[in-house]
Amino acid sequence: MEATFARRALWAALLGVVSITSAQAADLSISQFRVRGPAGGNDEFVELFNGGSAALDVSGFKFNASNNSGTTGTRLTFPAGTSIAPGCHLLLTNGASGGYSGSVAGDLKYSTGVTDDGGLAILDTSGQLVDQVGLSAGSAYKAGTPLTSLGSTNADKSYGRQTNGAGLPQNTGDNQADFVVVTPTAPHNASSRCAVMNLALSIADTSVTVHGAGNLTMPFAVTLNQPAPAGGVSVHVATQDDSATVANGDYDAVDTTLTIAEGQTQASFNVVVHGRTTGAPDKAFLVKLSQPSGGVSLARDSAIGAILYDIPVAAEIWEIQGREQTSPLVGKSVKTSGNIVTAVGPAGFTMQTPDTRADADPLTSNGIYVFTASKPTVAIGDVVDVDATVDNYYHLTELKNAKVNVTSHGTALPAPVVFDRKTPSSDPDKLSCGATNFQCFVGMRVVIEHGMINTGNKRFSTQPFAEVSITANGKRSLRQPGVRYGVAVPDGVDLPNWSGNPEVFKMNTADFGAVPVNTPYVAGTTFRAEGVISYDFGAYTFIPTSITVKHAAPMPRAVTPTPERALRIGAFNTERFCDSEFNTTFTCSGNSKEPTPAEVALKTQRLSAYIGGVLKLPDVLSVEEVKSLTVLQGLAKQLGDDYPAKYEAYLVPGHDPSGINVGFLVRSDRVRVLSVQQLAADETWNDNGNTAFIHDHPPLLLTAEVRGMRFQVISVHPKARTNVDKNDASATRDRQKRFEQSTSLARQVQSLQTRFPSQPLLVVGDFNAYQFSDGWVDVVGMISGKYKDSENLLKLGRNIVQPALWNAVESVPENDRYSFLFTEKFGEIQGYTKAGTGNSGREVPTVQVLDHALLNRAAARRFIQMQYGRADIDAPVQTEMDAANAPDGTKAIGASDHDGLVVDLFAPAMFDPHGDHDHGHGHDDRDNGHGKEQHGH
């Protein structure tokens, strides 16, 4: 299909024709349409007309539509058995609510409308355009100058196609010239009277492909729309030079009269095209009809004769690849000799130029994939000659229809390109291949000495354990400081753009047999591998021929046990831990319905496995995204059933319209709770003219003690970053709300540490923010007292929190600084393309810190360690699915979309709740002035 459109574009360019679409050579056309009617935007119809002399089978044809920005979709696929008689119509109508209101019944119905300024098209069974009409320049469907939209006023207006002298629909290839406004509308359906057409002749385009010196016959057909009357019909036929000329020896001229015999509808003639032995640009000539007999009209009086030259050319691999993603020889036949097989797959192999012949251009590749459709008969190390056609397979240059001749065996392979900390580049302004980071390596051997698996396997329907994301520099794909890649740094912000991690790419481990199909990999696994770079449906991909795992990351990976004489404080976003009752504005689950009681019970078991087996039973655990105290009490009970620990649950409802809240789980066998209270729960702000609560999930303050130490923990869960990187009103609003939330919490933090400067204070939870500024609002910096106006669009002035809190994330090894996995979708950049539904070009899985632990000085002096447990974001998708039914601790895998954290503080002795206890510093820190209070159980 792509080749067909490319050829038509070529013919149009050669002949200077404004627009040539397949409708000019077909009998089917859009004869009338309406995209808005008296009943509204769905009051639509599309009328089709068969201008041919025979019934037209349109089974499997598609009616597609586009909006004014070029987004297309199929509105209707014609059912089997659908046909249109000659001179007759087929009426498509919108059957949705408020749909077609006309009195002429539709033959086929669709249910999704066409925008007022969009476009519409009919496609054949191969997906080729048959006819198209546009109502704006932005529509993907249009021919020549598009029509003017009829607007958004409900009226009985349509566009109808004009007819020519033969009584056939006019199709000059220009919508503006071919259609007129019809009011009132007058659609026709399959039952309407068919048109009585005048006798008319048409000639169709044709082409031949020249492969060598031999002459070729190019056949042309002249067609009459009805059987010829008595005596037959004659017409004069003559060729006319264009880029192909008779004088240059491209073809032999024809100048003759052609007769269609009585009762017949077609006659044909041939043009001799001369062969050649050297390559040449494609050419074309015209054939013109004139002087028809007996008053017969000419419906289409000219045709294109396209001469497509496909003379095999000798080429090195780098000449075939070129510097761009599309080969300069695409569609051509080539001969490339003396190259070495470097990898063999089930349907093809890769080969590479020997080092002694490799070109010196670093921007061209010396490797290429040869598609053989079945298992090739070559082996790694074979030297081969290949005759083939250059193809562009979803933007991967490859050789197809290959004839392969092996000339020797066991040859040393070309030296591989070394991928390391410098290659591929981590600087988007200095990519390894110029405009891309990988194109100049496609098809070539690569060795990765310090590979890092960045994500567990994706899951596809036929592959439970599919591709993974990797780096070659030994580092995880961490979100780095700066404004999001591709977003303009706002005025007044002294920050760079984050790079977008261009060094990240995919690995399909099993394609060349390096490992068995469906081999699972856990993120954090390190490896050494050799293989080749490929391009797989829109993304650059490494396919290993051999792989050795250096360190296999475990799953789950638990934190170490709580040290002796330590207090363990943790935080864990439970990912919408809901009950089964829909009693909130929106569902708690985020889906169309709430979980069933069985699903709640399973979630409870999985969270217990995570808290007990992965986080090792923290003494205090902040929990985020919990629906109610009841479900949290259920989790406390489950923990008591599963482990030798006794937990009490604490939760005060907030203002979230889906009902999720923050809470605490506290080990009552080790810690005495003095109070639990919300902070700033009733604070409001001006939300676009409305008074609204600042905090959807008001921070929750726990005051507790162990022997010799009283401490406080604030559980937080500010607004998500969902819109902040956009450039619209929603972004402005969300940035401001995050600013208000963090300044409010900063005031609470400062009040507490001013009153109790020697008492350990921790602020923990899902901050929905990084450990550095994103350029808009540094939420963590605000709460910790390290906000820099120079790095943020919204200015604070002087920091509220003094002395500043310390983020314990800084103590965690760099490669382990993450608690959440997010895939950034950067679009069609750096050689990555949209390859199909759901693919948004370059997609970069990045791991990032959203879950933090901020410590005041008193807490920092007691700090021992901070750790993240691993059972969620590093796991393969299939492993998470399988874990739900696991009978052991692996049930924790996939319990949430965050990984939890723990912080250990030195505490001289743990509290005995049944004996005497020490009130520590002797202060009563329960302050009802901060908000609602709950004293526990």
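Any read-out appearing in this document is the output of simple, stated calculations on the displayed coordinates, not a laboratory observation. None of these values were measured; they are calculated from a predicted model. Every residue, glycine among them, receives a Cβ derived from its backbone with ideal geometry; neighbour counts consider all protein chains shown.
Using θ = phi - 60° and the Karplus form 6.51 cos²θ - 1.76 cosθ + 1.60, what ³J(HN,Hα) does each residue of the range 689-702 get, whole Hz, x for Gly and Pro?
x, 10, 7, 9, 5, 5, 9, 5, 10, x, x, 10, 9, 9
At what distance in nm do the modelled label points of Asn727 and Glu581 sit from each other, each positioned 7 Å from its Cα along Cα→Cβ?
Label-label distance for Asn727 and Glu581, simple model: 4.8 nm.
Between helix 2-15 and the chain, what is the angle of the helix's C-alpha long axis to the longest principal axis, kept within 0 to 90° and rounded to the nearest 10?
50 degrees
Mind checking the full-extension length gain between Gln802 and Phe822? Use 0.36 nm per residue of separation minus the Cα-Cα distance, one decimal, nm. If you can, show how the numbers build up before the last one.
Working: separation 20, 0.36 × 20 = 7.20 nm, distance 3.29 nm.
Once the chain is fully extended between Gln802 and Phe822, it gains 3.9 nm.
Can you give me the relative contact order of the range 313-408 as a percent, contacts being Cα pairs under 8 Å and 6 or more apart?
32 percent.
If you put +1 on each Lys and Arg Cβ and -1 on each Asp and Glu Cβ, how big is the dipole of the range 623-708 around its Cα centre, in Debye rounded to 20? Intermediate values should be presented prior to the final figure.
Details: 7 positive and 12 negative charges, 104 e Å.
So the magnitude is around 500 debye.
How many angstrom lie between the C-alpha centres of the range 634-649 and the range 395-438?
56 Å
Expressed in nm to one decimal, what extension gain is obtained for the pair Glu683 and Thr172 from 0.36 nm per residue of sequence separation less their Cα-Cα distance?
Working: separation 511, 0.36 × 511 = 183.96 nm, distance 6.71 nm.
That pair, Glu683 and Thr172, stretches by 177.3 nm at full extension.
Please state the charge dipole magnitude for the range 264-396, taken about the Cα centre, from unit charges on C-beta atoms (+1 on K and R, -1 on D and E), reported in debye and rounded to the nearest 20.
Here the range 264-396 has a charge dipole of around 560 debye.
Highest mean first, what order results for 300-307, 799-806, 572-579 on Cβ atoms within 10 Å? Working shown, then result.
Working: 300-307: 21.4, 799-806: 18.1, 572-579: 25.4.
Highest-to-lowest ranking by the protection proxy: 572-579, 300-307, 799-806.
Decide, for the range 19-170, between rounded, prolate and oblate: order the square roots of the alpha carbon gyration tensor eigenvalues as a ≥ b ≥ c, take rounded if a/c falls under 1.5, and otherwise choose prolate if a/b is larger than b/c, else oblate.
Rounded.
What FRET efficiency would be calculated for the residue pair Lys430, Ala488, taking the C-beta separation as r and a Förster radius of 22 Å, to the nearest 0.05? Spell out each step's value before the answer.
On the way: r = 20 Å, r/R0 = 0.92.
The calculated FRET efficiency here is 0.60.
Would you work out the charge dipole size for the chain about its Cα centre, treating the Cβ of every Lys and Arg as +1 and the Cβ of every Asp and Glu as -1, and quote it to the nearest 20 debye? Working shown, then result.
Values: 75 positive and 96 negative charges, 232 e Å.
It comes to approximately 1120 debye.
Modelling each spin label as a point 7 Å along the Cα-to-Cβ direction, I'd like the Ala360/Asp255 distance in nm, to one decimal.
Distance between label points: 5.7 nm.
For the pair Ala598 and Thr560, what calculated FRET efficiency results from E = 1/(1 + (r/R0)^6), where r is the Cβ-Cβ distance and R0 = 35 Å, to the nearest 0.05? Please list the in-between numbers first.
On the way: r = 34 Å, r/R0 = 0.98.
Here the calculated transfer efficiency is 0.55.
Got a sec? Charge dipole of the range 313-408, +1 on Cβ for Lys and Arg, -1 for Asp and Glu; which of Pro346, Val386, Pro328 is way out at the positive end?
Pro346
Along each of its three principal axes, how wide is the spread of alpha-carbon positions in the chain, in whole angstrom units, largest first?
Answer, in whole Å and largest first: 122, 76, 54 Å.
Quick one: net charge of Ala314's neighbours, Cβ under 11 Å, K/R +1, D/E -1?
Numbers: positive: Lys335; negative: Glu316, Glu319, Asp385, Asp387.
Neighbour charge sum, excluding Ala314 itself: -3.
Work out, step by step, the length gained on full extension between Ser192 and Ala692: first 0.36 nm times the residue separation, then minus their alpha carbon distance; give nm to one decimal.
Values: separation 500, 0.36 × 500 = 180.00 nm, distance 6.11 nm.
173.9 nm is the gain from fully extending Ser192 to Ala692.
If a/c stays under 1.5 just call it rounded; otherwise compare a/b with b/c (prolate if a/b is bigger, oblate if not). Do that for the range 534-687, with a ≥ b ≥ c from the square roots of the Cα gyration tensor eigenvalues. Write down the numbers at each step before the final one.
Details: a/c = 1.96, a/b = 1.28, b/c = 1.53.
Because a/c hits 1.5 or more and a/b fails to exceed b/c, the range 534-687 counts as oblate.
Cα axis of helix 729-755 to longest principal axis of the chain: angle in degrees, 0 to 90, nearest 10?
It is inclined by approximately 10 degrees.
When only C-alpha pairs under 8 Å and at least 6 residues apart count, what is the relative contact order of the range 200-309, in percent?
Numbers: 281 pairs, mean separation 44.4, N = 110.
Reported relative contact order: 40 percent.
Per residue of the range 353-362, what does 6.51 cos²θ - 1.76 cosθ + 1.60 with θ = phi - 60° give for ³J(HN,Hα)? Whole Hz please, x for Gly and Pro, Karplus curve as stated.
Each residue of the range 353-362 in turn: 5, x, 4, 5, 10, 4, 6, 8, 8, x Hz.
With angles folded into 0 to 90 degrees, how steeply does helix 629-642 sit against the dominant principal axis of the chain? Use alpha carbons for both and round to 10.
In the chain, helix 629-642 runs at an angle near 80 degrees to the longest axis.
What number, rounded to the nearest 500 deg cm²/dmol, is the helix-based mean residue ellipticity at 222 nm of the chain, given -39500 (n - 2.57) per DSSP H run of at least four residues and division by all its residues? Each step should come with its number before you reach the end.
Working: 9 runs with 95 residues, N = 937.
Using -39500 (n - 2.57) per qualifying helix, the result is -3000 deg cm²/dmol.
Among Ala514, Gly531, Pro464, which residue has its Cα positioned farthest towards the positive end of the charge dipole of the range 456-573, with +1 placed on the Cβ of Lys and Arg, -1 on the Cβ of Asp and Glu, and the dipole taken about the Cα centre?
Checked the options; the winner is Pro464.
Just grab the label-to-label distance for Asp789 and Asn154, each label 7 Å out from Cα along the Cβ direction, in nm (one decimal).
About 5.5 nm separates the two model spin labels.
Using the Cα gyration tensor of the range 200-309, with a ≥ b ≥ c the square roots of its eigenvalues, what is the shape: rounded (a/c below 1.5), prolate (a/b larger than b/c) or oblate (neither)?
On the way: a/c = 2.77, a/b = 2.43, b/c = 1.14.
Cα axes put the range 200-309 in the prolate bin.
Given contacts defined as C-alpha pairs under 8 Å and at least six residues apart, what's the relative contact order of the chain, whole-number percent?
Values: 2531 pairs, mean separation 75.6, N = 937.
Rounded, it is 8 percent for the chain.
State the answer as a single residue: which of Ser337, Pro561, Ala488 lies farthest towards the positive end of the charge dipole of the chain, with beta carbon charges of +1 for Lys and Arg and -1 for Asp and Glu, about the Cα centre.
Pro561
Ratio of alpha-carbon Rg to the 2.2 N^0.38 Å globular estimate for the range 395-496, to two decimals, please. Please report the intermediate quantities before stating the final value.
Numbers: Rg = 19.1 Å, N = 102, 2.2 N^0.38 = 12.8 Å.
With N residues counted in the range 395-496, Rg over 2.2 N^0.38 Å equals 1.49.
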